[in-house]
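Asks: One structure, as structure tokens, below. Some questions next.
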Amino acid sequence: MALAAGSAGLDRTDHPAGSAQAFAARGVLIVEVGNTESAVRRAFRRLPFVWLEFERGGGGVFLLSREQLPAR
């Protein structure tokens, strides 16, 4: 799917939260977006992403709590 996602990598992305609100009352959503991090930041400016950093490199991984997700 990622290869068919367009130049910004978001053509197949509706919303990072998707239907996550339907799950765990106190859960978190962790998503790896890789090289499309910049595009995700621009496309969803109002979401309070917590971008995770890793001891041994890597990136493009965010965390949102259920409370941070907008109602759908």
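Each reported figure results from applying straightforward, stated rules to the coordinates on display, with no laboratory input. Given the structure is predicted, the values throughout are model-derived calculations rather than measurements. Don't worry about glycine lacking a Cβ; one is built from the backbone with ideal geometry, like all the others, and counts go over all protein chains shown.
Asks: Which ³J(HN,Hα) values in Hz, rounded to whole numbers, follow from the phi angles of segment 55-64 under the Karplus curve 6.51 cos²θ - 1.76 cosθ + 1.60, where θ = phi - 60° and Gly and Pro get x?
Replies: Rounded to whole hertz, the list is 4, 10, x, x, x, x, 10, 10, 10, 9.
Asks: Where does each of 59-68, 38-47 land if you order them by average Cβ count within 10 Å, highest first?
Replies: Working: 59-68: 15.3, 38-47: 13.7.
The most tightly packed comes first, giving 59-68, 38-47.
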